[in-house]
Amino acid sequence: MISNRTTHILSDIIDIISGGTPKTTIPHYWNGNIPWLSVKDFNNDDRYVFSSEKSITQSGLINSSTKLLMRDDIIISARGTVGELAMIPFPMAFNQSCYGIRGKKQFVIQSYLYYLLRDNIRFLKQQTHGSVFDTITRETFSSIEVSLPPLEEQREIASILTSLDDKIAVNKEINNHLEQVANAIFKSYMENLEPNKKFSEVVQVLGGGTPKTTIAEHWNGSIPFFTPKDAQGTYVLTTEKAITKAGLQNCNSQLYPPNTVFVTARGTVGKLAMAGVPMAMNQSCYALIGKFGYGQHFVYHLAHEMVVNLKHKASGAVFDAIVTRDFNSEVVAIPSQNVVIEFENIVKPIYEAILNNTNESLRLSILRDSLLPRLMSGDLAVNDLLVAK
């Protein structure tokens, strides 16, 4: 049975909250206990954002135009990287490149609004303005028309989609714990070892490349194409862009096998991930492959240590790039090959579990994204899902 839906202009059912930035020249406005969000803190697929790169003080909050978003408010990026979305688990402030979104209770419940916005992101992006940066303005929300079911049905729809996102979040939490266990094991093997070899002596460092963007037949193929944007989590299974075999043949990358370690080297620097499937890579990253039988899980942890060392050498400044000479000059502690083999045997089942969880989360996200437009439009009723279940 089709519910009694009502049609609304999006801006009529929400309150739009603007953000701001305390003066960066006043130290006591910063490094307080209030998380202060920018888009880099929530440009992933997570429903909730739990941490921020920067924080402000109560004085910074009072003496700037930023506002506090409360639990279950929504934040959306509105400038530059447009349309990233997350819900707020506890009070957080945010900058002026984002909007806070709070539904008007007589029309929409907050969890349903989150999925409604997700379903309308493509329309919001089509309405962006700006000659230099794509921008969502307050008027953009007035250009979107939405259909709302009754509040009880909103709760039922949101519950179905939330259950999928909750399982994805649990898998991520389990994976974070498993990687911490693997890292503790790594540190136990490296304890009391002094740096004794150059990183590049035991790890092959390979570059990537990008096919010409003007040649259409190089793009939208079946080969995942890793860039810094894809460094989300331990394993990467899908990428924002993909290339064809012709594209692979006409760039400086190769097809890297599963468990290849990628490190981002420009832009967002120093993030690591492992390939979960064969994939190519652009020139803003390096691929790391162990020499002489050194296993990839060992390489992954060793690379984490190497990146930490590079950051310390930068004296706290944000370094813009990792270049080949950094790998050649970095001296790291390397245990015997027998010890490395023992480490690999111990952590292999840990990383198999992480990969399995990542694969399950991918399947769940595909299911969620396939249900989302049908539930939002009313093409699929909640009762239909309950009967199928």
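Within the shell of other residues whose beta carbon sits under 15 angstrom from the beta carbon of Gln249, the net charge comes to +1, with Lys and Arg scored +1 and Asp and Glu -1. Here Arg47 sits with roughly 30 square angstrom of accessible surface, probe radius 1.4 Å. Semi-axis lengths, largest first, of the ellipsoid equivalent to the range 262-368 are 25, 21, 12 Å, with √(5λ) applied to each eigenvalue of the Cα gyration tensor. Only aspartates and glutamates eight or more places from Lys348 in sequence, or on another chain, were considered; those with a Cα closer than 14 Å are Glu179.
When its C-alpha radius of gyration is set against 2.2 N^0.38 Å (N residues), the range 1-73 gives a value of 1.49. Checking (1) 4, 19, 27, 26, 17, 6, 1, 0; (2) 4, 17, 21, 21, 20, 13, 4, 0; (3) 5, 25, 34, 26, 9, 1, 0 against the coordinates, the calculated P(r) over Cα pairs in 10 Å bins from 0, in percent falls under label (1). Sequence-distant contacts, meaning Cα pairs under 8 Å at least 6 residues apart, place the relative contact order of the chain at 16 percent. Only DSSP H runs of four or more residues enter the estimate; each adds -39500 (n - 2.57), and after division by the residues of the chain the mean residue ellipticity at 222 nm equals -12000 deg cm²/dmol. With a Cα cut-off of under 26 Å and a minimum spacing of 8 residues unless on different chains, the lysine pairs in the range 1-126 number 12.
One Cα centroid belongs to the range 28-55, the other to the range 358-388; the line between them spans 30 Å.
Using 0.36 nm per residue of separation minus the Cα-Cα distance, give me the extension gain between Ile346 and Gln126 in nm, one decimal.
Length gained, Ile346 through Gln126: 74.2 nm.
Which whole-number percent of Cα pairs in the range 333-372 have a distance greater than 14 Å? Taking all Cα-Cα pairs of the range 333-372, the fraction more than 14 Å apart is 63 percent. For the pair Leu367 and Glu194, a Förster radius of 45 Å applied to the C-beta separation gives a FRET efficiency near 0.35, rounded to the nearest 0.05.
The values are calculated or read from the model by the stated rules, or taken from the named source; none is laboratory data. Since the model is a prediction, treat every value here as computed from it, not as a measurement. Virtual Cβ from ideal backbone geometry, glycine too; neighbours counted across all protein chains shown. Side chains are part of the model used for accessible areas, which takes the heavy atoms of the whole protein and leaves out ligands, DNA and RNA. Shrake-Rupley method; radii C 1.70, N 1.55, O 1.52, S 1.80 Å.
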